[in-house]
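Enquirer: This is the structure I want to talk about, given as structure tokens.
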Amino acid sequence: MAIVAAGPLVNLVFAAVILAGLSFGTREVTAPIVATPAAGTLAAPLGLKTGDVLESVNGVQVKGWDEIEQNIRYALFDHDPIDLVWRSADGARQQNSFATTELDIESPDWFDKMGLNAPKVNPRLGQISAGAAQSAGLQSGDHIMRINGQPIVSSKQMFEIVRASPDKQLTFDVQRAGQAMSLSVTPQAVMQTIQKDGQKVEQIAGKINAQIVDTETIVYENNA
């Protein structure tokens, strides 16, 4: 009986060890900082200002925007109000809430109607893997100031320029640890499948194999 029980027991212990290992380490997430909500959105009357730091959503503490969005979605399924606690720039702790009955989670613009967003910063590079960015000497943390002389103000703008430039040499003006430099980057041509007029269409697009980040991020120990 001991031998028969040993097999399943070892499997359970092994699974527990694996899960415990996955729960430890560090995570980089978008910092729980908010931008001033746009006029006419549900969050506009709350009094949030750019730079305020969200601490909890409906009583659940949040470390980053992934957790903020997750808890908001939980509330929307039941049309529950969203209760926020935050700290303003002067350190004052504030709390306010808004109703969600007007929001439809099936609608593509529900997040815009809500009005909660992280403030945008000059795009910078996150994780870089083998490819055009690495070959050109770009590094994680580089702030992308201009491409071919055009000022870069968003990750979407940078993504579109790279995608439209397969096998074309681009000049990246970057800031690295306070130093300005220019690097030549040639996006690799890859085949991409997109939806166009309800049909799947294949097209050639540029790719540099680098993550683009345009919000403030934080790294924290994931020990839970």
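The values are calculated or read from the model by the stated rules, or taken from the named source; none is laboratory data. Only a predicted model underlies this, so the values are computations on that prediction, with no experimental measurement involved. Please note: Cβ atoms are built from the backbone with ideal geometry, for glycine as well, and neighbour counts cover all protein chains shown. When the accessible area is computed, the model is the full protein with side chains, heavy atoms only, and any ligands, DNA or RNA have been set aside. Shrake-Rupley method; radii C 1.70, N 1.55, O 1.52, S 1.80 Å.
Enquirer: Could you please find all residues in the stretch 97-115 being outside any helix (DSSP H, G or I) and under 14 Å from D80 (Cα atoms)?
Expert: Result: S97, F98, A99, T100, T101, E102, L103, D104, I105.
Enquirer: Sticking with this structure for a sec: Kindly check whether there is at least one residue in the stretch 74-83 that is open to solvent by less than 60 Å² (accessible area, probe 1.4 Å) and closer than 16 Å to T30 by Cβ.
Expert: For the stretch 74-83, residues open to solvent by less than 60 Å² (accessible area, probe 1.4 Å) and closer than 16 Å to T30 by Cβ: absent.
Enquirer: Is it true that S88 is small (G, A, S), more than 15 Å from A118 (Cβ to Cβ), touching a helix residue (DSSP H, G or I) at 6+ places or on another chain (Cβ under 9 Å) and open to solvent by 10 Å² or more (accessible area, probe 1.4 Å)?
Expert: no
Enquirer: Check A75, A39, A35, A44 and return the single one that is over 14 Å from N117 (Cα atoms), out of contact with any helix residue (DSSP H, G or I) (no Cβ under 6 Å at 6 or more places or on another chain) and of a type outside the set (K, R).
Expert: One residue alone meets the criteria, A75.
Enquirer: Would you confirm whether or not the stretch 202-212 contains a residue that is without any contact (Cβ under 8 Å) to a residue 24 or more places away in the chain and more than 30 Å from P32 (Cα to Cα)?
Expert: Within the stretch 202-212, one or more residues are without any contact (Cβ under 8 Å) to a residue 24 or more places away in the chain and more than 30 Å from P32 (Cα to Cα).
Enquirer: Of the conditions (1) modelled with pLDDT of 90 or more; (2) out of contact with any strand residue (DSSP E or B) (no Cβ under 7 Å at 6 or more places or on another chain); (3) more than 25 Å from T217 (Cβ to Cβ), H79 clears all except one; give me its number.
Expert: Against the list (1) modelled with pLDDT of 90 or more; (2) out of contact with any strand residue (DSSP E or B) (no Cβ under 7 Å at 6 or more places or on another chain); (3) more than 25 Å from T217 (Cβ to Cβ), H79 comes up short only on (1).
Enquirer: Give the stretch 26-55 a look and list any residue that's farther than 18 Å from A99 by Cβ and of a type in the set (S, T, Y), or say none.
Expert: Selection gives T26, T30, T36, T50.
Enquirer: Related question: So, of the residues in the stretch 91-122 that are open to solvent by less than 70 Å² (accessible area, probe 1.4 Å) and touching a His at 6+ places or on another chain (Cβ under 7 Å), which turns out to be nearest to V57 (Cα to Cα)?
Expert: So the residue we want is T100.
Enquirer: Restricting to the stretch 87-103, name every residue that is of a type in the set (A, V, I, L, M, F, W, C) and free of Cβ contacts under 8 Å to residues at least 40 places away in the same chain.
Expert: Correct list: A92 only.
Enquirer: Sort through A180, A189 and tell me the only one that's assigned to a strand (DSSP E or B), open to solvent by less than 100 Å² (accessible area, probe 1.4 Å), farther than 22 Å from A130 by Cα and not aromatic (F, W, Y).
Expert: Exactly one of A180, A189 is assigned to a strand (DSSP E or B), open to solvent by less than 100 Å² (accessible area, probe 1.4 Å), farther than 22 Å from A130 by Cα and not aromatic (F, W, Y), namely A180.
Enquirer: Out of N122, N148, N117, which single residue is of a type outside the set (V, I, T), modelled with pLDDT of 95 or more and either closer than 30 Å to A44 by Cα or in contact with a strand residue (DSSP E or B) (Cβ under 6 Å, 6 or more places away or on another chain) (or both)?
Expert: Residue meeting the stated conditions: N148.
Enquirer: Oh, and also: Would you mind stating whether M145 is in a strand (DSSP E or B), free of Cβ contacts under 8 Å to residues at least 60 places away in the same chain and surrounded by 11 or more Cβ atoms within 10 Å (Cβ to Cβ)?
Expert: Spelling it out, M145 is indeed in a strand (DSSP E or B), free of Cβ contacts under 8 Å to residues at least 60 places away in the same chain and surrounded by 11 or more Cβ atoms within 10 Å (Cβ to Cβ).
Enquirer: Which of the residues spanning the stretch 70-81 are within 16 Å of E55 (Cβ to Cβ) and free of Cβ contacts under 8 Å to residues at least 40 places away in the same chain?
Expert: Q70, N71
Enquirer: Could you check the stretch 127-136 and list, in sequence order, the residues that are surrounded by 14 or more Cβ atoms within 10 Å (Cβ to Cβ) and either part of a loop (DSSP other than H, G, I, E, B) or of a type outside the set (S, T, N, Q) (or both)?
Expert: If the condition is that a residue be surrounded by 14 or more Cβ atoms within 10 Å (Cβ to Cβ) and either part of a loop (DSSP other than H, G, I, E, B) or of a type outside the set (S, T, N, Q) (or both), then I128, G131, A132, A133, A136 are the ones that fit.
Enquirer: Right, something else. Out of (1) in a loop (DSSP other than H, G, I, E, B); (2) open to solvent by 30 Å² or more (accessible area, probe 1.4 Å), the odd one out for S165 is which?
Expert: Only one criterion in (1) in a loop (DSSP other than H, G, I, E, B); (2) open to solvent by 30 Å² or more (accessible area, probe 1.4 Å) is unmet by S165, namely (2).
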